[in-house]
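Input: a single structure, listed below in structure tokens.
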There are 2 protein chains.
Amino acid sequence: MATLADVARHAGVSTATASRIINGSSKPVADALRTRVLAAVAELKYVPNAHAQMLARSHRSAVGVIVHDVSDPYFAEITRGLQRVATADGRLVIICNSFREPDRELEYIDLLHAHQVAAIVIAGSGYLDPATAARLDDRLRAFEATGGRIAVIGRHEHTGDAVLPDNEQGGFLAGEHLFTLGHTEIAVIAGPSYLTTTADRLKGLQRAAKKYGIKLPKKRVYHADFTRDGGEDLATRVLAEEPEVTAIAALNDSMAVGALAALRTSADRRVAVIGFDDMPIARDVTPSLTSVRLPLTELGERAMTLALGAAGESPRVEHVEAELVVRESTWPHEAR
Amino acid sequence: MATLADVARHAGVSTATASRIINGSSKPVADALRTRVLAAVAELKYVPNAHAQMLARSHRSAVGVIVHDVSDPYFAEITRGLQRVATADGRLVIICNSFREPDRELEYIDLLHAHQVAAIVIAGSGYLDPATAARLDDRLRAFEATGGRIAVIGRHEHTGDAVLPDNEQGGFLAGEHLFTLGHTEIAVIAGPSYLTTTADRLKGLQRAAKKYGIKLPKKRVYHADFTRDGGEDLATRVLAEEPEVTAIAALNDSMAVGALAALRTSADRRVAVIGFDDMPIARDVTPSLTSVRLPLTELGERAMTLALGAAGESPRVEHVEAELVVRESTWPHEAR
DNA sequence: ACGCTTGAGGTAAGCGCTTTCCTAGACCGT
DNA sequence: ACGGTCTAGGAAAGCGCTTACCTCAAGCGT
């Protein structure tokens, strides 16, 4: 492993000069030396040690991103936005998958902290459990105390810079759509109950139910894990257990796609399905999926912009509206 | 920013002792000191500086991953496998998106090299252009020369540890399927022509054409960028320009899904479509997509396993078979 | 011709940590 | 009681780099 000292020796200069030439310092250097040093770099295939550099110039540049799971299209879209902004700013992005485990999240915060990242962006639902939320907040504060910047996406329990999609309003839109279409017996396919995203979307749904005088009993709310297969299983159960149901509200598109699959295998039931997030697949399934659109890439872009911006005095919070996108998977309730 | 020295001072011990306690060194330490140091760590919210640690113990642990684009489901699946193995081994994974630009790839190799990663895994098609391939190889060799490990997925131009999906054979399977169904006039929706993946899959298709005595002229091969929208555009053009065509072979599933969308809007044409990769969506589109399955997650797992394994003498190359998965989007050719 | 400025390049002090080696008590045997 | 062996803990030497500061020589004005 060639070091700066090797290069300097090879070129017959001091490490100071070599460093200056390699980093394009403003200090003027004779052309002869410059050429010699650059030749030495090429010959020795010298690559500077990033750790030593970071240490010496105690200057933070990389940014960390913690998401539940990048291979989930929801987070993939957000991550795309995050990366676009960060890369445009010339930053290295370190992506960590928490797999929805708070402990792993905690671990990653410390890891990113240890790696001296300039900022951490956390995307994905927060945790309803106050103890868990507090523990996370504590680590986040410790990171902030050392000058790190933090931005969260969709975690209103964190008081700091945040981009908040309006999940409650989105839930309301979904419910309103179904209820104005005349559906009175609906089932909900929800995500894990310990996530705030689930709770918020559900809350909006219930507000709509109240407004339209519809009862939405607890037993009609099924919980899975926000995956396609989870949605399929739940929808299968709904079809078996609830002959009255004429519409299913899935709390994300993956599960809605699963529900559609379940529906396909039971030709005798015609059940409307609405999703949430409006992921790219929504257009391509059949029937195409009615959904509540969240501008995922934009969410990522805005969060990274906050994180990289100068530290403001008051925490900046940006709210992002949800929007109903009607396609073919919902229709008016038909009397039997 | 609390440092080890702060902790040591706070606890009234030397940095050596503090370090030993914090890292659980094997050297025995009095319980009283241990308690004091741990208390100081908690009170000062001390988080060790990873760069200083790396520097001091010049011991590589993180691994780097370079993919074309994580938010592309193809790479998302591979990445999932990569991460599973790496995380199980307690490694930090740094993911870099090259966006199919060789220069960015070059940059990332050096960046990962600079960050002293233990290994680099590169997934995704290689570049047909020999100059580009050579430049990349050169940087890779430099990294290897310093003791770094490298594993590639699907880049047979690199002579080192590799996991190679058999794209040529997959292309053959796709062609054979279409031709045995009686289709003689087919169009191909291919990816960028400078990628080896495109070239290999095409080569297999042509081998099948030859075997079944079908002509597959150049003008029937359309090139896009492996995205869904690219596939839709191309399929639209095919439908407009080629009234003879009864089947389309898309060289990946994203483009196949786009083709399906194009087909949906022109009800008068019944054209069979075959995809490639068998991504999760393939089941959920209508008609469900016939595809050539590549075990993407497994590809990732095997590559990371190679990368983390001990450096072997001879480069280890693992071949992975492609497999035809027949669904609803292909059918026998019907006489008009 | 002298002192001074200027500018090119080198010296060396860290950045925060790990780890080797060393020191100084504690404890043992005789 | 004394030398010898352990052992817990500290001193300090790096890891590879950046950069503030210093040196030395050339160039300038008067």
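Just so it is clear, none of the values below were taken in a lab; they were calculated from the coordinates. Bear in mind that the values here come from a model prediction, so they are computed numbers and not experimental data. Note that each Cβ is placed from the backbone with ideal geometry, even for glycine, and that neighbours are counted across all protein chains shown.
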Mind checking the log10 I(q)/I(0) for the range A:110-245 at q = 0.13, 0.14, 0.18 Å⁻¹? Debye, one equal scatterer per Cα, no solvent, two decimals.
-0.66, -0.73, -1.00
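For the range B:4-57, what is Rg from Cα atoms divided by 2.2 N^0.38 Å, rounded to two decimals?
Values: Rg = 10.6 Å, N = 54, 2.2 N^0.38 = 10.0 Å.
Cα Rg divided by the expected 2.2 N^0.38 Å: 1.06.
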Going by amide H atoms built from the backbone, whose H comes under 5 Å of the H on A:Ala162, apart from near neighbours?
A:Val152, A:Arg316, A:Val317, A:Glu318
List every residue whose amide H lies under 5 Å from the amide H of A:Ala119, counting only residues 5 or more places away in sequence or on a different chain, with H placed 1.01 Å from N in the peptide plane.
A:Gly64, A:Arg149
Mind jotting down a quarter of the surface of the convex hull over the alpha carbons of the protein assembly as shown, in square nanometres, one decimal?
35.2
Between 0 and 90°, nearest 10: helix B:102-114 axis offset from chain B longest Cα axis
20
HN-Hα couplings for the range B:71-80 via Karplus (6.51, -1.76, 1.60; θ = phi - 60°), in whole Hz with x for Gly/Pro, come out as 7, 7, x, 4, 6, 4, 5, 4, 4, 4
List every residue whose amide H lies under 5 Å from the amide H of A:Val221, counting only residues 5 or more places away in sequence or on a different chain, with H placed 1.01 Å from N in the peptide plane.
A:Val188
Along the range B:160-170, Karplus-curve 3J(HN,Hα) (6.51, -1.76, 1.60; θ = phi - 60°) to the nearest Hz, with x for Gly and Pro, reads x, 4, 7, 10, 10, x, 8, 5, 5, 4, x
So, with +1 on the Cβ of K and R and -1 on the Cβ of D and E, and no other charges, what is the size of the charge dipole of the protein assembly as shown about its Cα centre, to the nearest 20 debye?
1300
Build a GNM of chain A with springs between Cα atoms under 10 Å: which of A:Pro315, A:Pro295, A:Pro165 gets the top mean-square fluctuation?
A:Pro315
With runs of 4+ DSSP H residues as the only contributors, calculate the mean residue ellipticity of chain B at 222 nm using -39,500 (n - 2.57) per run, divided by the residue total and rounded to the nearest 500.
-14000 deg cm²/dmol
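So if we plug the beta-carbon distance of B:Val29 and A:Glu313 into 1/(1 + (r/R0)^6) with R0 = 60 Å, what FRET efficiency do we get, rounded to 0.05?
Values: r = 45 Å, r/R0 = 0.74.
Calculated value: 0.85.
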Point-charge dipole on Cβ atoms (K/R +1, D/E -1) for the range B:4-57, about Cα centre, debye to 20
120
Given 10 Å bins starting at zero, what is the percent of C-alpha pairs of chain A in each, up to the one with the largest pair distance?
6, 23, 25, 18, 13, 8, 5, 3, 0, 0
Which lysines, on any chain, are close to B:Lys27 with Cα under 29 Å apart, when same-chain ones fewer than 8 places away are left out?
B:Lys45
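Suppose R0 equals 60 Å. What FRET efficiency, 1/(1 + (r/R0)^6) with r the Cβ-Cβ distance, do A:Ala240 and B:Ala145 give to the nearest 0.05?
0.45
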Hand me the GluC sites (Glu not before Pro) from the range A:202-255 located in a DSSP loop with no more than 16 other Cβ atoms within 10 Å, in residue order please.
A:Glu244
Tell me which of B:Ala39, B:Ala86, B:Thr180 sits at the most positive position along the dipole axis of chain B, charges placed on C-beta atoms (Lys, Arg +1; Asp, Glu -1).
B:Ala39
Quick check: pseudo-label points 7 Å beyond the Cα along Cα→Cβ at A:Tyr212 and A:Ala16, how many nm apart are they?
7.6
Magnitude of the Cβ-charge dipole (Lys and Arg +1, Asp and Glu -1) of the range B:88-159 about the Cα centre, nearest 20 debye, reported as 180
Residue with peak Gaussian network fluctuation, chain B [Cα springs, cutoff 10 Å], from B:His183, B:His319, B:His68:
B:His319
Would you be so kind as to identify which of A:Ala119, A:Ala52, A:Leu202 lies farthest towards the positive end of the dipole of the protein assembly as shown, taking Lys and Arg as +1 and Asp and Glu as -1 on Cβ and the Cα centre as origin?
A:Ala52
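Within 10 Å of each candidate Cβ there may be at most 15 other Cβ atoms; applying that plus a DSSP loop requirement, which trypsin sites (Lys or Arg not before Pro) in the range A:218-287 survive?
Counting only loop positions with at most 15 other Cβ atoms within 10 Å, the trypsin sites (Lys or Arg not before Pro) in the range A:218-287 are A:Arg269, A:Arg270.
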If you take the charge dipole of the range A:244-336 about its Cα centre, with +1 on Lys and Arg Cβ and -1 on Asp and Glu Cβ, which of A:Thr290, A:Ala311, A:Val245 is farthest toward its positive end?
A:Val245
